[in-house]
Amino acid sequence: MTAMQLDASTFAADMLDGFTAANPQYVKAVDGGVIRSTVIPDGQAALVIGGGSGHYPAFAGLVGPGLAAGAVCGNIFASPSASQICRVARAVHRGGGVLLGYGNYAGDVLHFGLAREQLRASGIDARTIAVTDDIASAPADQLHKRRGIAGDLTVFKVAGAAAEAGYSLDAVEQVARRANHRTRSLGVAFSGCTLPGADRPLFSVPDGMMAVGMGIHGEPGISELPLPTPDELAKVLVHALLNDRPENAGERVVVLLNGLGTVKYDELFVLYSKVRLLLEGEGLTIVEPECGELVTSLDMSGVSLTLLWLDEELESLWAAPAGSPAFRKGAVSAEPDLSSPDEEAAGPAGPPEGSSHTAASVLAVELFEAVDRMLTQAESALGDLDAIAGDGDHGIGMARGARAAAQAARRRAESGSGIGAVTLAAGEAWAEEAGGTSGALWGAAICAVSSTLLRSADLSSATAVQAVDAALAAMQSLGKAEPGDKTMVDSFVPFAVTLRQEMAAGKTLEHAWQAAAAAATSAAAATAELRPNLGRARPLAERSLGHPDPGAVSLAMIASTIGENIKKEDIRG
């Protein structure tokens, strides 16, 4: 990436350390990211943005009055965990609720969605907005599938200004969604970006060509064109965006010309001069444009053009003052916040639990530790299965998540907490340490179990059935998978159905759970005949045929392990 020898394992943390040290008048560090170092008024809605590192000024550079209250920073091009998001959100919550903003990528959707549910469970009104401005990533009739690229800035600026103006959380969310709907972007690349420590770029562009429609995480473009002149490039970008303009667009637009890493300001100004002439020739009025590095992709050589079609309210919010390390408008006034970030980020203690819940925490620890031992032994086998049509990290992620969950459960139980709090700690730890899609989904499921346990005055076999149903609902709500998609849901649904049926027939929880685990195991094996409709295996559907889904297999294994460790006296019906 540069002449320096960079350590990829510490790059994001080292970057964040240096960034906060260089910008103390704007930001201070919390575990997971940064927050404003100036006072946030009580009752104000808080905008929390985030995603992977490697995109500066996004996301940490956009924190300050009139913009984001906090930013969550994951590893390079990787989503932050739900626990990181929650810690940053709690640090900036002042009673007005939190809007979580991020680009529309699978990992971000899952982890920010899980964080939203965890924040709501703790009594904080939380909403999400996924930016979908990249016209190259999906057709116009599928806006919800588009990626978020430099249009992040227009949506975040509008939402941050609305929060600063005292809008309610409902109104901030509404105006952010309108800004997102009226924002369009397209990018081109002349060469790919190189991750810290790597010896080659993530993709390459043939000599004399440019890639059109690439993403900001190293995704190659959807087409290639001969290397253009500035006039030709301006026409490619402008005409594509005008052909995709939203309905009732109007004639006033914000223009962002964004350098992706190594195309510098002098070159951007040359290109902007051509873009301006084309837009004005189409009868459009340009309002307060931005030309510079706004959302980058490490050292990618490329540019993107963004248009936000304005209405009166959006124009007012875009023009409102803002003060952040990387984006400033007008004059803002804010007092330094001298409170401790660690105190601000502390999570809620949680509701008190009864003696039966405290006694049952021992069972929870035993079950999490049994699952940990099983997945540690199965790590290689699950990884090999995942490598057939995926990236081979399922075994590693599951083992890491289970280990973190078991450790967190034991620590919380030893502090005297009940089974609900123990399970919540385990779920949050699983999601944070496992990472990836399965980590978020398992975290959501375990946290949903916790919510059920915390709401139950008395623990019983019926509580266990309710907890399983809640876990399945959380997993499907977050992941959007249905039976037949070749995911862990294909074994979870028959497990939940069989458990309910066996319990309704008067069977003990021990017997019903073991029968349900057997049904899950059979269903997991049957996924070998399915074609994947979701996830990373979908593009390699043919390779996946004949092999069961790793997520379905690991879920069945966990169900079986729990069944083997449930004793009749653990939960009384």
What helix-only [θ] at 222 nm does the chain give? Using -39500 (n - 2.57) per DSSP H run of at least 4, over all residues, to the nearest 500, the answer is -15500 deg cm²/dmol
Relative contact order, percent, of the stretch 11-322 when contacts are C-alpha pairs under 8 Å separated by at least 6 residues? 17 percent
Could you order the peptides 34-45, 239-250 from most to least packed, using the average number of other C-beta atoms within 10 Å per residue? 34-45, 239-250
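Under 8 Å for C-alpha pairs, at least 6 residues apart: give me the relative contact order for the stretch 355-565, rounded to a whole percent. Don't skip to the end; give the middle numbers.
Numbers: 378 pairs, mean separation 41.5, N = 211.
Relative contact order of the stretch 355-565: 20 percent.
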Cα-Cα pairs in the stretch 355-565 separated by more than 21 Å, as a whole percent of all pairs, come to 50 percent
By how many nm would the segment from Glu280 to Ala165 lengthen if fully extended, with 0.36 nm per residue of separation less the alpha-carbon distance? 38.2 nm
Relative contact order [Cα under 8 Å, 6+ residues apart], the chain, whole percent: 12 percent
Expressed as a whole number of Å, what is the distance separating the alpha-carbon centroids of the stretch 350-427 and the stretch 245-263? 46 Å
In whole angstrom, largest first, the equivalent ellipsoid semi-axes that the Cα gyration tensor gives for the stretch 129-208 are 32, 16, 9
Answer with one residue from Ala481, His547, Gly261: the one whose Cα lies farthest towards the positive end of the charge dipole of the chain, charges on Cβ with Lys, Arg +1 and Asp, Glu -1. Ala481
Filter on Lys235/Lys480; Lys145/Lys235; Lys145/Lys486 - keep pairs with C-alpha separation over 28 Å: Lys235/Lys480
Quick check of the Kirkwood formula: for the chain, what is the inverse mean of 1/r over all pairs of different Cα atoms, in Å? 24.9 Å
How large is ³J(HN,Hα), in whole Hz, for each residue of the stretch 52-68 in order, when computed from phi with the Karplus curve 6.51 cos²θ - 1.76 cosθ + 1.60 and θ = phi - 60°, using x for Gly and Pro? x, 6, x, 10, 3, x, 5, 10, 5, x, 10, 9, x, x, x, 9, 7
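Calculated FRET efficiency, Asn248 and Glu482, Cβ-Cβ r, R0 41 Å, to nearest 0.05? Kindly include the intermediate steps, with their values, before the conclusion.
Working: r = 35 Å, r/R0 = 0.85.
That gives a FRET efficiency of 0.70.
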Amide hydrogen neighbours beyond the local backbone of Val131, cut-off 5 Å, H modeled: Tyr102, Gly103, Asn104
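Quick check on packing: order 154-162, 493-501 by the mean number of other C-beta atoms within 10 Å, highest mean leading. Mind dumping the intermediate values first?
On the way: 154-162: 28.7, 493-501: 20.0.
The peptides rank, most packed first, as 154-162, 493-501.
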Compactness of the stretch 387-427 - radius of gyration and Dmax, Cα, Å: 13.7, 44
For a quick size check, give me the Cα extents of the stretch 1-107 along its three principal axes, largest first, whole Å. 47, 33, 20
Which whole-angstrom value gives the distance between the alpha carbon centres of the stretch 113-168 and the stretch 273-296? 24 Å
Using all alpha carbons of the stretch 11-322, what is the percent of pairwise distances in each 20 Å bin, ordered from the shortest bin to the longest? 36, 58, 6
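Where a number appears in this text, it was derived from the coordinates with a stated rule and is not lab data. Treat the numbers as computed from the prediction; the structure is a model and nothing was measured. Counting neighbours? That spans all protein chains shown, and the Cβs are built from the backbone with ideal geometry, glycine included.
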